[in-house]
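Just passing along the structure, written as structure tokens.
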Amino acid sequence: MKRLLSFLSAEKEKIAALSGPGAKAEYIWQYYKLWIIGIVCGVSLLGYIFYQVNTALSENWFYITFTNTYAEVGDGSDLWEGFVEYADFDLTEKNVIFNNTSYFDYAQNRGVGNDYYNVFVSYTDSGTLDCVTMEEDSLVALGASGRLLDLNREECASIVEKYGDRLVYCEPYDEDYSDDLVPVGIDVSDTCLMTEYQLYEDSCVIGIGAQTQHLDAVELFLDYIIGEVS
């Protein structure tokens, strides 16, 4: 510390002895330009990070999770770009999230000890997640847990009117909720999700998050992928 203070004092005396601001500026730039450039870059980087954190979009137009697949259907994929264009979403206002990095099979162990499932639960219960794709057996098992929307509900009438022949049913765990089979998914095995992107081997079903706030966007996504089949 003493050496640093001594060095700074000596440099201060050197600069003070120079005649005129031009000579002082030239000396400082010649000997300290790397430090100056480094400080400017550091301040700029911190400013950029601060700006990104404080201006990042926190709301979504639509959030879908494609579970248990290695298909290239994430953000920025052809599927993502096609849907954003089709739905005409303004991405300067809100996000469109295609999450293809989630791996859990509820039919196997009900998600016990699986971090991906815990994230799924968090996003579903908070209303962040709008819908999820799975193979049929896994989605039927998940639907029985009550974390997927019952498509018998009034707000789903438009979707059921269009795609009622595609409904996938489950038997709920909670017998007080219903003794009957409950529709919790829409079969999209014949859509581009399978024919073009090969999400799964046998079947593909979409379930809607029980707390979704964007049913209109879910319907748009179904219109987009099923419209190519019709």
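Please identify the pairs in which a residue from region 149-168 that is acidic (D, E) has its Cβ atom under 6 Å from the Cβ atom of a residue that is at pLDDT below 95 and not in a helix (DSSP H, G or I), counting only partners at least 6 apart or on another chain.
D150/V182
Of everything in region 203-216 that's hydrophobic (A, V, I, L, M, F, W, C) and buried (at least 22 other Cβ atoms within 10 Å of the Cβ), which residue is nearest to L148 (Cα to Cα)?
I208
The values are calculated or read from the model by the stated rules, or taken from the named source; none is laboratory data. This structure is a prediction, so every number in the text was calculated from the model and none was measured. Glycine gets a Cβ as well: all are built from the backbone with ideal geometry, and neighbour counts include every protein chain shown.
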